[in-house]
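The values are calculated or read from the model by the stated rules, or taken from the named source; none is laboratory data. Computed from a predicted structure; not experimentally measured. Using ideal geometry, Cβ is built from the backbone for each residue, glycine included, and neighbour counts are taken over all protein chains shown. When the accessible area is computed, the model is the full protein with side chains, heavy atoms only, and any ligands, DNA or RNA have been set aside. Shrake-Rupley method; radii C 1.70, N 1.55, O 1.52, S 1.80 Å.
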Amino acid sequence: MHTVEDPQWVEAMDKEVRALNKVKTWDLVLHSPHKKAINCRWIYKVKYNSNATVNNDKPQLVAK
């Protein structure tokens with residue numbers, strides 16, 4: 001069982017954030033006190049091969 005602190009997950013999350021930054025998915029801006037910020041969270045999935053071996057760890061950063 002993987003945990004969030006597992007180096008495999010940390011590496012996979014880092015890779016996902018780099019990919020999102022590369023395609024310019026978002027802009028980091030100052031938060032206005034009159035507007036509500038969008039929260040986000042990580043969804044963790046493990047992809048398997050047909051023989052039940054782990055193919056890769058797939059974290060996704062999603063807006064709530």
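Brief remarks on what is shown
- Over all other residues within a Cβ to Cβ distance under 15 Å of VAL23, the charged ones net out to +2, with Lys and Arg as +1 and Asp and Glu as -1.
- Structure-derived Rg/Rh (Cα atoms, Kirkwood Rh) - corresponding label in (i) 1.09; (ii) 1.00; (iii) 0.92: (i)
- Taking 0.36 nm per residue of separation and subtracting the Cα-Cα distance, full extension of the segment from THR25 to LYS58 would add 10.1 nm.
- Surface accessible to a 1.4 Å probe, per residue, for the residues of the chain, Å²: 92
- With Cα atoms, 0 to 90° folded angle of helix 7-22 axis to the chain main axis: 50
- Residue pairs exceeding 22 angstrom between C-alpha atoms, taken from LYS36/LYS58; LYS15/LYS36; LYS24/LYS58; LYS15/LYS35: LYS36/LYS58; LYS15/LYS36; LYS15/LYS35.
- Element breakdown for the chain at a 1.4 angstrom probe: carbon and sulfur atoms account for 55% of the accessible area.
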